Amino acid sequence: MIEERLRELGLALPAATAPVANYVPYVKHGAMLHISGQVSIDAHGQPITGRLGDELSVEEGAAAARRCALALVAQLGAADPGFARLERWMKLNVFVASAPGFTMQPQVANGASDLLVALFGDRGRHARSAVGVAMLPLGVAVEIDALVALR
Amino acid sequence: MIEERLRELGLALPAATAPVANYVPYVKHGAMLHISGQVSIDAHGQPITGRLGDELSVEEGAAAARRCALALVAQLGAADPGFARLERWMKLNVFVASAPGFTMQPQVANGASDLLVALFGDRGRHARSAVGVAMLPLGVAVEIDALVALR
Amino acid sequence: MIEERLRELGLALPAATAPVANYVPYVKHGAMLHISGQVSIDAHGQPITGRLGDELSVEEGAAAARRCALALVAQLGAADPGFARLERWMKLNVFVASAPGFTMQPQVANGASDLLVALFGDRGRHARSAVGVAMLPLGVAVEIDALVALR
């Protein structure tokens, strides 16, 4: 049970919030679920802001990526109650706000990847891209979107 | 009719141009249509250039994103004449050329999202990522690619 | 035969390496293969680093993109031995480390696109996005991920 694993890890799912705009948090089509980019928001609802390489350490970046992953899990839970139809996390696109010279985007992205495998085991193992971008919405440190296969 | 909605909005589709390179404007496979990144080009065929946060305002950025969306619609129309097989706009990836400190990528991206919903209604509601990047081809302000589900 | 075309082009596939992290080099699901972002590594296993627009020329960038494409081909070969089930290269996402003012991301990305068409002919023609990003893992010049349709 994912809910139990979350508790064991001392984690609570954030609310699966809907964007206040003409797009949606996820689109389900056949067996494919596309989840919109989730930005790093802490457990109190505050954005985790700053660039890696000057304002944030790799550890802080990985923790921010973990929060993005938790938000993705919350969206999956909204799209697929009880995670009953989850087949596989397919692909993550990880965008890391990066100062010039910062090259550890993979270590930051591992914060998200590790959480998905901790929660979902082999079904959590995904393909991934991780790149360093100039700026992200709200000034957040990390944004991640996902493609999930459902049964 | 999409053509009628375009006229009501005072819009004309740009030509669905093919890239002069070894890639194609879209790939259709089964029910999935992947459309290549469309850069912001104005109604006269000139690139809309500049970075958000120093050279362009949010409103100008949103207008540039709207032009990208119009180019995506033109490609869809080339792939699916009369939009007869359109099932759903699934996902947009929105790349916004951003100066340091610019964090309103979602507001820029709304220029594209709003147009798709104005034209296609609920079929236009999509998942989305919006990130701020360093530089885009031709120095444009916005580039957007799309995944569309067909019947 | 792809192996023969590679020899004719004087190219050897790099080893399809697995990431040392909780993600995987590719995920196959039904007829869809998502390949993780491949960074530019030269024939000796050294990262091709530097930004386009200050440290690297367009030609050097295109050569780096070609190495990314070769790594993608190696991953496809690992997922689909002998390339027997390849239907179509569907989509490339090309991320180019770009200094301010560098706008020739498409010319860099052509290094990858040209190789795929040289190797696979029409099956190598893909949809594409090419954007300029701040920084990439290991400081590489180019990172590319791919979606491939299998029979």
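The values are calculated or read from the model by the stated rules, or taken from the named source; none is laboratory data. Every value quoted in this text rests on a predicted model; they were computed, and no experiment measured them. Using ideal geometry, Cβ is built from the backbone for each residue, glycine included, and neighbour counts are taken over all protein chains shown.
How many residues, within segment A:114-151, are at the interface with another protein chain (Cβ under 7 Å from one of its Cβ atoms) and free of Cβ contacts under 8 Å to residues at least 24 places away in the same chain?
1
Scan segment C:1-17 residue by residue and report those that are surrounded by fewer than 15 Cβ atoms within 10 Å (Cβ to Cβ) and not in a helix (DSSP H, G or I).
C:1, C:9, C:10, C:12, C:15, C:17
It is to be established whether one or more residues within segment C:35-56 are without any contact (Cβ under 8 Å) to a residue 40 or more places away in the chain, within 30 Å of residue A:117 (Cβ to Cβ) and surrounded by 23 or more Cβ atoms within 10 Å (Cβ to Cβ).
Within segment C:35-56, none of the residues are without any contact (Cβ under 8 Å) to a residue 40 or more places away in the chain, within 30 Å of residue A:117 (Cβ to Cβ) and surrounded by 23 or more Cβ atoms within 10 Å (Cβ to Cβ).
Based on what the data block shows, is residue A:76 on the phi < 0 side of the Ramachandran plot and more than 11 Å from chain C (Cβ to nearest Cβ)? Please lay out each step first, then the result.
Numbers: on the phi < 0 side of the Ramachandran plot: yes; more than 11 Å from chain C (Cβ to nearest Cβ): yes.
Yes.
Scan A:73, A:117 and give me the residue that is surrounded by 24 or more Cβ atoms within 10 Å (Cβ to Cβ) and among the β-branched types (Val, Ile, Thr). Let's see the steps before the verdict.
Values: A:117 fails: surrounded by 24 or more Cβ atoms within 10 Å (Cβ to Cβ).
Of the residues listed, the single one that is surrounded by 24 or more Cβ atoms within 10 Å (Cβ to Cβ) and among the β-branched types (Val, Ile, Thr) is A:73.
Going by the conditions given, is residue A:31 among the aliphatic types (A, V, I, L, M) and more than 22 Å from residue A:150 (Cβ to Cβ)?
On the way: among the aliphatic types (A, V, I, L, M): yes; more than 22 Å from residue A:150 (Cβ to Cβ): no.
No, not satisfied.
Got a number for residues in segment A:35-56 being part of a loop (DSSP other than H, G, I, E, B) and either at negative phi or of a type in the set (Phe, Trp, Tyr) (or both)?
Result for segment A:35-56: 9.
Only residues that are hydroxyl-bearing (Ser, Thr, Tyr) and not in a helix (DSSP H, G or I): list them for segment A:75-116, please.
Within segment A:75-116, the first condition is being hydroxyl-bearing (Ser, Thr, Tyr), and the residues that meet it are A:98, A:103, A:113.
Result: A:98, A:103.
Conditions first: (1) modelled with pLDDT of 95 or more; (2) buried (at least 16 other Cβ atoms within 10 Å of the Cβ). Residue C:22 passes all but one, so which condition is the exception?
That leaves (1) as the condition not met.
When segment C:79-90 is examined, which residues are found to be facing chain B (nearest Cβ under 9 Å) and either more than 12 Å from the chain's Cα centre (by Cα) or within 27 Å of residue A:102 (Cβ to Cβ) (or both)?
First pass over segment C:79-90, keeping only residues facing chain B (nearest Cβ under 9 Å): C:87-90.
Answer for segment C:79-90, where residues must be facing chain B (nearest Cβ under 9 Å) and either more than 12 Å from the chain's Cα centre (by Cα) or within 27 Å of residue A:102 (Cβ to Cβ) (or both): C:87, C:88, C:90.
The conditions are (1) under 20 Å from residue B:10 (Cβ atoms); (2) touching a strand residue (DSSP E or B) at 6+ places or on another chain (Cβ under 9 Å), and residue B:43 fails exactly one of them. Which is it?
(2)
Please work out which one of (1) within 17 Å of the chain's Cα centre (by Cα); (2) within 12 Å of chain C (Cβ to nearest Cβ); (3) among the β-branched types (Val, Ile, Thr) is the condition residue B:48 fails and give its number.
Result: residue B:48 passes all but (2).
Could you tell me whether residue A:59 is assigned to a strand (DSSP E or B) and surrounded by fewer than 17 Cβ atoms within 10 Å (Cβ to Cβ)?
Numbers: assigned to a strand (DSSP E or B): no; surrounded by fewer than 17 Cβ atoms within 10 Å (Cβ to Cβ): yes.
The answer is no for residue A:59.
In the list B:61, B:10, which residue meets the criterion of being over 29 Å from residue C:125 (Cβ atoms), touching a residue at least 40 places away in the same chain (Cβ under 8 Å) and not acidic (Asp, Glu)? I'd like the intermediate steps shown before the answer.
On the way: B:10 fails: touching a residue at least 40 places away in the same chain (Cβ under 8 Å).
Going through B:61, B:10 in turn, just one is over 29 Å from residue C:125 (Cβ atoms), touching a residue at least 40 places away in the same chain (Cβ under 8 Å) and not acidic (Asp, Glu): B:61.
Confirm whether residue A:72 is under 16 Å from the mean Cα position of the chain (by Cα), within 30 Å of residue B:87 (Cα to Cα) and in a helix (DSSP H, G or I).
On the way: under 16 Å from the mean Cα position of the chain (by Cα): yes; within 30 Å of residue B:87 (Cα to Cα): yes; in a helix (DSSP H, G or I): yes.
Against the criterion (under 16 Å from the mean Cα position of the chain (by Cα), within 30 Å of residue B:87 (Cα to Cα) and in a helix (DSSP H, G or I)), residue A:72 qualifies.
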